[in-house]
Each structure stands twice: as structure tokens, then as C-alpha cells.
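Q: Once you've had a glance at the structure underneath, I'll fire off some questions.
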Amino acid sequence: MAARRTHIDSLRDGFFDVLVVGGGINGAVTSAALAGRGASVALIDRGDFGHFTSQESSNLVWGGFKYLENYEFLLVFKLCRSRNRLMKAYPDNIKEISFLASLDNTSPYPPWFASLGALGYWIIGQFGTRYPRLLSAEKIRDEEPVIDTTGVRGGIEYRDAYLIDNDSRFVFSFVRSALEAGATAANYVELVSAERQGDRWVAQLRDVDSGEEFTTSAKVLVNAAGPFVDQLNGSWGARTDHRIVYSKGIHLVVPRLTTDQHQRVLAFFDDTQRLFYVIPMGSRSVIGTTDTRIDEPFTEVDDDDRNFLLAQINARLDLDAPLTTADIIAERCGVRPLVVDTGGADQRDVDWTSLSRKHAIETDRRARLVTIFGGKLTDCLNVGEEVAEAVESLGVPLENDLKNWYGEPAKATRAEFYRQARLMKIDSLRTKPDVEPLSDRLWRRYGRRAFSMLEAIRDDPRMGTDIMDNADYLRVELHLAANTEMITKLEDFMRRRSKIEQVVSDDVIRQSSGLDEVARILFGDDADRRLKEYLET
């Protein structure tokens with residue numbers, strides 16, 4: 001909390017090159033790109049970083065295989081190239097993964113035709129993954145016995161990538177990068193109003209947590225509010241060539257469904273001939289996503305959503321017992337902000353199935369305003385670079401882009417961490433079955449900051465013990481999070497800096513003997529209030 005207060009002090013009456021409104025993936029990557037090139041940057045979000053759309057993704061980093069249906073070859077090429085860049089820049093966080101797609105008699109494409117698409121996808125993706133395969137029904141049954149191959153004509157295997165940890169933690173890695181480059185950032189800070197006064201934007205801000213209001217100013221304003229960009233632009237009368245429409249997507253988290261020991265995504269066409277997936281998340285499986293048009297950015301999972309997905313997966317897997325709502329451990333529900341032209345008709349007139357997750361960036365030179373429409377996690381580096389170019393065109397000088405504002409530390413730094421971890425025999429601290437080596441997890445989550453964790457464990461072995469029986473987190477991780485990850489509410493840690501809420505049921509979390517200690521480490525004297533606040537939501 002002290003770090004957040006320091007940043008709010010910097011915001012109060014501050015003057016920056018750029019004020020970025022919105023701390024999802026677009027705002028986070030924009031802040032990292034700008035700060036990494038020498039701009040003075042302020043980043044705010046009225047909630048936590050990565051708390052809205054960015055925490056409800058499929059955790060996949062992919063080129064958009066399904067966009068080939070609409071012949072969006074250039075978009076697929078750009079997304080695949082971005083996927084390849086991310087895999088190279090984050091080798092420990094983003095891994096290649098197999099997609100096994102089963103095609104039955106109701107699927108829109110026969111296996112041979114789908115295999116041609118997979119081959120084209122691999123080529124468009126510049127051979128950045130292993131080659132695709134055409135599979136018979138028998139081969140599918142041998143490789144993944146949980147799939148009910150009754151009526152399956154065959155299938156394909158193609159490859160993309162996925163985030164080993166959760167999406168919102170990946171978003172926060174860009175916030176961390178921005179902070180390390182000198183940016184100012186604060187979560188739970190709301191933009192009350194903003195107006196152009198002379199050579200600057202003057203913004204009235206409110207600390208959502210304390211209620212305090214104050215002002216800050218900047219030469220350039222970046223609207224990175226995701227699903228709320230139109231409302232924000234409308235509040236100061238900005239006109240744009242694009243607008244956002246909403247697609248609701250949900251995921252259900254259930255116990256692990258796949259039977260093999262390899263990480264693999266299962267892909268199926270549902271009864272409406274739209275793709276949905278079974279995605280691995282450690283000891284859990286994530287079923288989704290749906291695609292439903294809605295009129296508002298706020299949404300939640302309803303009974304129709306649950307029943308639809310459960311019916312679809314039960315019809316396609318050979319389970320010992322059908323999945324029911326009692327098997328649902330957690331749910332993910334959010335909107336995709338999809339880009340359409342402003343000149344188009346009402347949202348209900350949009351050809352929903354043709355919309356992709358492309359992004360558009362508009363620059364209002366007179367107002368010194370940049371707006372980011374749409375986008376997805378896979379395309380984040382492109383967004384950061386394009387916004388930096390737009391900001392520079394508005395008169396903010398930037399240093400040369402050395403590409404050092406993203407990515408994991410150098411190989412030599414990684415090797416030194418693993419050397420020290422081996423000397424400490426850090427992996428021998430793990431007692432839980434079926435968990436990854438502790439050295440891998442600490443390096444992937446924390447990078448250079450993991451060195452201080454080794455030192456803390458050397459000084460106090462208790463720091464290397466788990467704090468919650470059903471969650472794979474050490475005490476030292478909580479202390480580091482309290483000091484460096486701007487956690488304001490307990491949910492920030494439980495849902496976003498970690499994925500505990502996504503893999504452990506609410507009842508188990510609430511009954512955990514370690515939850516009180518988690519709150520005390522994170523919030524100190526304010527622990528009782530924060531814990532009560534969390535338990536009441």
C-alpha cells in the first residue's frame with residue numbers, strides 16, 4: 001500500500017508527457033512502451049490493473065486460426081507474427097501447445113479440408129510452431145481417450161501458445177516494466193473528468209479507495225479504457241471513425257478432464273458450429289468460450305450459459321459421469337470489445353460472426369488524444385509500438401526503441417538464478433504432489449525479483465513454506481507481493497496477481513486457515529478490514 005500512496009502523491013498536481021487511462025492489456029503495454037522510451041507516463045485505472053476484460057481471457061496466445069474462415073489472412077499473419085515474438089520474448093511464461101480438433105458429422109468442414117487450413121495457418125505463421133497433423137478418429141481415440149469418437153470423422157492437430165500463469169498477471173508484468181522505467185501508476189484511481197486547457201489535458205481524479213479527489217495534467221491523453229472507450233470519448237466530445245460493440249464470452253473451470261500427461265487444448269464445434277475449447281489450467285480444465293452479443297459491457301454467467309456449455313462438452317467427451325453445475329469450481333465471464341466503423345448501423349445490424357479481435361488506433365491531433373479500440377492479448381506488442389508512434393507524432397520526443405520494455409531477463413541472468421537455486425536445493429522444499437519445480441515457478445513469476453526471494457528463504461526457512469494448504473504460494477511470495485505489486489484489495493492477489501480463485505473453490509478458500517495470514521502479510525494493520533471486505537463480496 002505504501003508504494004501506491006507514493007504514486008498517488010506523484011499524480012497529485014503532477015505534469016506528465018502522457019496520461020494513460022485504463023490498466024488492462026492495452027493500457028499496460030502502452031505505458032511500458034512509452035516509459036521504456038523515455039516518456040514521463042502516468043497510468044490509472046478505476047479498478048485493479050487487468051481487472052475487467054483482461055482477466056477473463058482464454059489465457060491463449062494465438063494467431064486466430066478461426067479468422068481464416070473469413071479470409072482475414074493479413075490479420076492472421078500479424079497475430080501469428082506477434083505470437084511468435086511473444087513466445088521468443090517470454091520463453092518461460094508462454095509455451096507452445098497442441099490444439100486437437102475433433103470433427104464430427106455436424107462440423108462445418110471435413111477433416112481433409114480442415115487440414116489444408118491448418119497447413120495454411122502454419123505457413124502464414126512463418127513456421128513458428130511444430131507442423132500440423134491430419135488425424136483419423138482412431139488416432140484421436142488413442143491419443144485422447146476422453147473424447148467420444150462416436151460420429152467423429154477425424155480431426156486435426158495444430159499448434160499455438162498459452163500463458164502458463166494467468167492473463168491478468170501477464171498484464172501486470174507490463175505495469176511492472178513501466179514502473180521500473182520510471183512511470184507513475186495507481187490502481188483504483190478513477191478519471192472523474194478531463195478537459196483540454198491550452199497545451200495540456202487537465203484531469204480530475206478520484207482515489208476510489210479513500211474518496212480523495214485531486215488533479216493531474218499531461219500533454220497527451222491515451223484512452224485505453226477497453227469496453228469503455230466510447231463512453232470516455234463521449235464525455236469530452238471526441239468523435240472517432242470507430243466504435244465498440246460487445247460480445248459476451250464465458251468459461252467454466254472444472255476438475256481436469258483430459259487423460260493424457262501432456263498439456264493439450266481440445267477443440268470442438270458446438271451445435272451452432274462455433275468453436276469452443278477445453279483448455280488446461282494446471283490440475284483444472286477450462287471449458288469455453290461462448291460468443292453472445294450483448295448491449296452493455298457489464299455481464300455475468302447465467303444458467304443458460306452454464307447449461308449450454310455443460311451440454312456441449314458432455315455430448316463430446318466420454319466421461320465416467322456427466323459434468324453438472326456441482327463440478328464448476330470457478331467461472332470467467334467478460335466482454336470482448338469488437339471494433340466496427342462508426343458509420344455502421346445499430347449494433348444489432350452487425351454481422352456478428354464476421355467480427356474478429358483486430359485493433360484500431362485513432363489519433364486526434366488537435367486534442368492530442370489517442371484512442372485504442374479492440375485488440376487482444378496476442379497483439380499487445382503491436383499495440384504498444386503503434387501507440388508510441390502515435391504519441392511521438394503528437395510532439396512527445398521518444399528515445400529509440402531498443403525493445404527492452406518487454407520480455408524476460410537475459411539467459412545469463414536466468415542461468416545464475418538456477419545455479420543459486422540448485423545450491424540451495426530449493427526444489428526439495430516442495431512436498432505437494434504433481435506440482436512443478438519451485439525454481440521454475442519462482443523464476444517464471446518473478447524474474448530478477450526471484451533472487452531476493454532466495455535470499456529471504458536463506459535467512460528464514462519459514463519463508464519457503466506454503467501459506468495456504470490448497471494454493472501453491474509461499475510466504476515469501478506474499479511479502480514480495482505486498483511490497484512490489486500494488487495490492488489494494490485482497491481480491492487483487494487472490495484473483496489477479498495469482499489465480500487461486502480460479503483453481504480453488506470459494507468454500508475452500510474461505511475455510512483456509514492461511515487466509516487470515518495472507519491478509520496480515522499484505523495489509524498489516526488494515527488486514528481485518530480488507531479480509532472482511534473480501535469475505536462479504
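Every number here is computed from the coordinates shown, using simple stated rules; none is lab data. The structure presented is a predicted model; accordingly, all values stated were derived computationally and were not measured. A quick note on method: Cβ atoms are made from the backbone with ideal geometry, for glycine too, and the neighbour counts reach across all protein chains shown.
Q: Considering only residues that are more than 22 Å from ARG419 (Cα to Cα) and in a loop (DSSP other than H, G, I, E, B), which ones fall in region 448-505?
A: ASP469, ASN470, GLU485, MET486, ILE487, THR488, LYS489, SER498, LYS499, VAL504, SER505
Q: Just wondering, is there one or more residues in region 88-107 that are within 28 Å of the chain's Cα centre (by Cα), under 22 Å from PHE269 (Cβ atoms) and not hydrophobic (A, V, I, L, M, F, W, C)?
A: Yes.
Q: Kindly evaluate ALA238 against the criterion of being buried (at least 17 other Cβ atoms within 10 Å of the Cβ), over 23 Å from the mean Cα position of the chain (by Cα) and closer than 30 Å to VAL383 by Cβ.
A: yes
Q: A follow-up question, please. What's the total number of residues in region 506-537 that are farther than 26 Å from THR325 by Cα and in a loop (DSSP other than H, G, I, E, B)?
A: 2
Q: Just give me the residues in region 503-527 being within 30 Å of THR184 (Cβ to Cβ) and out of contact with any Lys or Arg (no Cβ under 6 Å at 6 or more places or on another chain), in sequence order.
A: VAL518, ARG520, ILE521, LEU522, GLY524, ASP525, ASP526
Q: Conditions: (1) more than 26 Å from ALA360 (Cβ to Cβ); (2) within 25 Å of the chain's Cα centre (by Cα); (3) buried (at least 17 other Cβ atoms within 10 Å of the Cβ). GLY334 meets all but one. Number of the miss?
A: (1)
Q: Any chance region 291-303 includes a residue that's of a type in the set (Ser, Thr, Tyr), assigned to a strand (DSSP E or B) and under 18 Å from ASP167 (Cβ atoms)?
A: no
Q: Does ALA183 meet the test of being crowded, with 18+ Cβ neighbours inside 10 Å, in contact (Cβ under 8 Å) with a residue 12 or more places away in the chain, within 26 Å of the chain's Cα centre (by Cα) and closer than 22 Å to VAL383 by Cβ?
A: Details: crowded, with 18+ Cβ neighbours inside 10 Å: yes; in contact (Cβ under 8 Å) with a residue 12 or more places away in the chain: yes; within 26 Å of the chain's Cα centre (by Cα): yes; closer than 22 Å to VAL383 by Cβ: yes.
Spelling it out, ALA183 is indeed crowded, with 18+ Cβ neighbours inside 10 Å, in contact (Cβ under 8 Å) with a residue 12 or more places away in the chain, within 26 Å of the chain's Cα centre (by Cα) and closer than 22 Å to VAL383 by Cβ.
Q: For LEU134, which of the numbered conditions (1) in a helix (DSSP H, G or I); (2) in contact with a Pro (Cβ under 9 Å, 6 or more places away or on another chain) fails to hold?
A: Looking at each condition in turn, LEU134 falls short on (1).
Q: Considering only region 360-407, state which residues are closer than 17 Å to PRO337 by Cβ and without any contact (Cβ under 8 Å) to a residue 60 or more places away in the chain.
A: Filtering region 360-407 for residues closer than 17 Å to PRO337 by Cβ gives 360-362, 370-380, 382-383, 386-387.
Within region 360-407, ILE361, GLU386 meet the criteria.
Q: Could you list all residues from region 441-467 that are exposed (fewer than 14 other Cβ atoms within 10 Å of the Cβ) and of a type in the set (Ser, Thr, Tyr)?
A: Selection gives THR465 alone.
Q: For GLN502, all conditions in the list (1) buried (at least 20 other Cβ atoms within 10 Å of the Cβ); (2) under 27 Å from THR6 (Cα atoms) hold save one; what is the number of the exception?
A: In the conditions (1) buried (at least 20 other Cβ atoms within 10 Å of the Cβ); (2) under 27 Å from THR6 (Cα atoms), GLN502 misses (2) alone.
Q: Taking the stated definitions as given, is THR363 among the β-branched types (Val, Ile, Thr), part of a strand (DSSP E or B) and either surrounded by fewer than 21 Cβ atoms within 10 Å (Cβ to Cβ) or within 20 Å of the chain's Cα centre (by Cα) (or both)?
A: On the way: among the β-branched types (Val, Ile, Thr): yes; part of a strand (DSSP E or B): yes; either surrounded by fewer than 21 Cβ atoms within 10 Å (Cβ to Cβ) or within 20 Å of the chain's Cα centre (by Cα) (or both): yes.
Yes, satisfied.
Q: Looking at region 218-236, is at least one residue of a type in the set (Lys, Arg), under 28 Å from LEU398 (Cα atoms) and in contact with an Asp or Glu (Cβ under 6 Å, 6 or more places away or on another chain)?
A: Yes; the residues of region 218-236 include at least one that is of a type in the set (Lys, Arg), under 28 Å from LEU398 (Cα atoms) and in contact with an Asp or Glu (Cβ under 6 Å, 6 or more places away or on another chain).
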